[in-house]
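What follows is calculated from the coordinates using simple rules that are stated; it is not laboratory data. All of these numbers come straight from a predicted model, not from anything done at the bench. Heads up, the Cβs are rebuilt from the backbone with ideal geometry, glycines too, and the neighbour counts pull from every protein chain shown.
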Amino acid sequence: MTSAAGIARVVRLDRDGEIAVIRLHRPDRLNAFNRQMRDELLAAFDECDRDDGVRAIVMTGSGRAYCAGADLVDGADTFVAESDDAGAIPPDVGGEVSLRIHRSYKPVVVAVNGPAVGVGVTSTLPADIRIASDTARFGFVFTRRGLVPEACSSWFLPRIVGISTALTWTLSGRMVSASEALDHGLVSEVLPPERLLPRALEIARSLVAGTSPVSVAMTRELLWRMLGAESPEVAHHAESRGIHARARSGDLREGVDAFLAKREPVFADSVADGLPVLFDR
């Protein structure tokens with residue numbers, strides 16, 4: 001698969017019914033991350049958010065790895081980026097991907113089909129659910145490369161596995177087995193390789209069956225944003241905005257009517273049209 005410019009794509013976007021499957025696709029390089037992959041991942045998430053036919057997203061890798069981390073073809077220069085003329089520090093490219101996943105309107109499930117190292121694991125942290133093959137291993141290897149954690153992982157990882165586990169994994173930089181990742185909540189299931197993608201698709205469908213796409217997107221934003229709230233008053237303010245907006249929606253009337261009529265709802269409100277504002281900007 002190639003782009004219009006004739007350059008081989010490194011991210012594949014396929015459909016399985018209402019589920020988009022985003023696949024890291026550099027199997028000859030163990031799906032190592034580069035700027036082209038960053039660009040194509042951002043574009044894939046933009047496309048999914050614009051498409052009301054997509055209800056959820058599954059991410060996985062081609063071949064025997066999920067992602068081996070940054071492509072080190074340029075050696076240490078891989079991580080060198082110059083400041084602009086105003087002296088601004090350039091953004092971490094892995095962080096750009098993590099933030100885009102975090103802002104997704106659609107739920108995201110990651111099926112880690114093999115080793116996930118560096119940005120290959122940190123960029124999965126904004127997903128809603130991660131499951132893994134029993135062949136998967138995880139490496140927060142930054143201290144072993146003279147780096148620090150990236151892709152917003154210093155925010156996400158302690159919230160997922162707790163501060164002590166996050167420190168143990170990132171300070172040591174050692175590899176973490178799939179079973180250890182399961183024990184500490186980094187992944188929710190470990191499966192044989194042949195069952196991984198079907199299970200990820202099953203989970204994705206379970207998150208969106210019979211639900212309002214707009215309400216799903218708003219709920220996802222509420223729960224993620226509240227992880228950093230200083231008090232429940234922030235949640236009360238945001239939820240009040242959400243209830244006020246949804247109470248006037250066609251989706252709410254449809255959901256209540258369907259419940260009373262004992263039928264499946266058919267929600268018509270569009271995520272692509274944008275979401276009500278829940279938080280002060």
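Values as computed for the structure displayed
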| read-out | value |
| --- | --- |
| Mean separation of Cα contacts under 8 Å (6+ apart) over length of the chain, as relative contact order % | 16 percent |
| Which of L157, A217, T135, positive extreme of dipole for segment 134-281 (C-beta unit charges) | T135 |
| Ranking of V54, V119 by count of other Cβ atoms within 10 Å, fewest first | V54, V119 |
| HN-Hα J in Hz across segment 119-127 - Karplus 6.51, -1.76, 1.60, θ = phi - 60°, x for Gly and Pro | 4, x, 9, 5, 6, 8, 5, x, 5 |
| Per residue Cα convex hull volume in Å³ - calculated over the chain | 166 Å³ |
| Between segment 262-281 and segment 173-191, the alpha-carbon center distance in angstrom | 34 Å |
| Mean separation of Cα contacts under 8 Å, 6 or more apart, over the residue count of segment 211-281: relative contact order % | 45 percent |
| Under-5 Å amide H pairs with R130, H placed in peptide plane, nonlocal only | V110, S188 |
| Net charge, G114 excluded, C-beta distance under 15 Å - Lys, Arg +1, Asp, Glu -1 | +4 |
| Within the chain, percent of DSSP bridges classed antiparallel, to nearest 5 | 35 percent |
| Three-way shape call for segment 211-281 based on the alpha-carbon gyration tensor, with the a/c threshold at 1.5 | prolate |
